[in-house]
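Enquirer: I'd like to ask some things about the structure below.
The values are calculated or read from the model by the stated rules, or taken from the named source; none is laboratory data. Bear in mind the structure is a predicted one, so any value in this text is a computation, not a measurement. FYI the Cβ positions are ideal-geometry reconstructions off the backbone, even for glycines, and counts take in every protein chain you see.
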Amino acid sequence: MPPRNNAIADYINDWQQLLTALIANASDLPALEPLRQQLETALNEVQGFSSQEKASRAERQLSTQRRRSALTQGKDLASRLRSGVKLTYGGKTEKLVEFGVAPIRPRKTAVKQPKPVDPSNEPR
């Protein structure tokens, strides 16, 4: 019976069972031999693509791990370089902005605003 859902594994299992039954009854079904061979070829192709997909998935995971490792190393190197620039130029110079480092700037003093007078609390 054909699979009810579209899972590739279900089709592979169904086709394998069908091919097994066709081979066992080949003497009764000689007219179906060319179609059986075509289905066997299709099955082999699907299984080959599944293997390629698994290998591709593994390669993609390895590539992702390598990219993450390189990114971590790059972050570390960039941080060390920025620290070196900061040590060379000092922490307060505006030259640091060129390297993506915020210089230490003096704090701005907040101007104190007088408190608003509540007119309901004023003496009469």
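Enquirer: Would you confirm whether any residue within segment 64-73 is assigned to a helix (DSSP H, G or I), touching a Leu at 6+ places or on another chain (Cβ under 8 Å) and modelled with pLDDT of 90 or more? Break it down stepwise before answering.
Expert: Keep residues of segment 64-73 that are assigned to a helix (DSSP H, G or I), which gives 64-73.
Checking the rest, the ones that are also touching a Leu at 6+ places or on another chain (Cβ under 8 Å) come to none.
No, because not a single residue in segment 64-73 is assigned to a helix (DSSP H, G or I), touching a Leu at 6+ places or on another chain (Cβ under 8 Å) and modelled with pLDDT of 90 or more.
Here is a yes/no grid of residues against (1) closer than 29 Å to Ile8 by Cβ; (2) among the polar types (S, T, N, Q); (3) free of Cβ contacts under 8 Å to residues at least 12 places away in the same chain:
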{"position": "Leu19", "(1), (2), (3)": "yes, no, no"}
{"position": "Leu29", "(1), (2), (3)": "yes, no, yes"}
{"position": "Leu35", "(1), (2), (3)": "yes, no, yes"}
{"position": "Ser51", "(1), (2), (3)": "yes, yes, yes"}
{"position": "Gln61", "(1), (2), (3)": "yes, yes, yes"}
{"position": "Asp76", "(1), (2), (3)": "no, no, yes"}
{"position": "Lys95", "(1), (2), (3)": "no, no, yes"}
{"position": "Ser120", "(1), (2), (3)": "no, yes, yes"}
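Enquirer: Still on this model: Given the structure, is Asn13 part of a helix (DSSP H, G or I), polar (S, T, N, Q) and surrounded by 12 or more Cβ atoms within 10 Å (Cβ to Cβ)? Give the derivation first.
Expert: Details: part of a helix (DSSP H, G or I): yes; polar (S, T, N, Q): yes; surrounded by 12 or more Cβ atoms within 10 Å (Cβ to Cβ): yes.
Yes; evaluated as a whole, the condition is true for this residue.
Enquirer: So which residues in segment 17-60 are among the polar types (S, T, N, Q) and in a loop (DSSP other than H, G, I, E, B)?
Expert: Just the residues of segment 17-60 that are among the polar types (S, T, N, Q), to begin with: 17, 20, 25, 27, 37-38, 41, 44, 47, 50-52, 56.
Hits for segment 17-60 are Asn25, Ser27.
Enquirer: Moving to a separate point now. Count, please, the residues in segment 82-113 that happen to be among the basic types (Lys, Arg) and surrounded by 10 or more Cβ atoms within 10 Å (Cβ to Cβ).
Expert: Our first condition is that a residue be among the basic types (Lys, Arg); within segment 82-113, this holds for 82, 86, 92, 95, 105, 107-108, 112.
In the following step, the residues that additionally are surrounded by 10 or more Cβ atoms within 10 Å (Cβ to Cβ) were identified as 82, 86, 92, 95.
Count: 4.
Enquirer: Mind telling me which of the residues Thr88, Thr41 ends up being over 30 Å from Ala7 (Cα atoms), free of Cβ contacts under 8 Å to residues at least 24 places away in the same chain and of a type in the set (Val, Ile, Thr)? Don't jump to the end; show me each part of the working.
Expert: Working: Thr41 fails: over 30 Å from Ala7 (Cα atoms).
It is Thr88.
Enquirer: Pick out the one residue from Ser79, Ser27, Ser63 that is surrounded by 10 or more Cβ atoms within 10 Å (Cβ to Cβ) and more than 30 Å from Glu98 (Cβ to Cβ). Spell out how you get there, then give the answer.
Expert: Values: Ser79 fails: more than 30 Å from Glu98 (Cβ to Cβ); Ser27 fails: surrounded by 10 or more Cβ atoms within 10 Å (Cβ to Cβ).
That would be Ser63, the only listed residue that is surrounded by 10 or more Cβ atoms within 10 Å (Cβ to Cβ) and more than 30 Å from Glu98 (Cβ to Cβ).
Enquirer: Condition check: among the small types (Gly, Ala, Ser), closer than 30 Å to Phe99 by Cα and exposed (fewer than 11 other Cβ atoms within 10 Å of the Cβ). Does Ser69 satisfy that? Before the answer, list the steps.
Expert: Values: among the small types (Gly, Ala, Ser): yes; closer than 30 Å to Phe99 by Cα: yes; exposed (fewer than 11 other Cβ atoms within 10 Å of the Cβ): yes.
It is true that Ser69 is among the small types (Gly, Ala, Ser), closer than 30 Å to Phe99 by Cα and exposed (fewer than 11 other Cβ atoms within 10 Å of the Cβ).
Enquirer: Residues of segment 1-10 being outside any helix (DSSP H, G or I) and surrounded by 10 or more Cβ atoms within 10 Å (Cβ to Cβ), which ones?
Expert: First pass over segment 1-10, keeping only residues outside any helix (DSSP H, G or I): 1-7.
Scanning segment 1-10 gives Pro3, Ala7.
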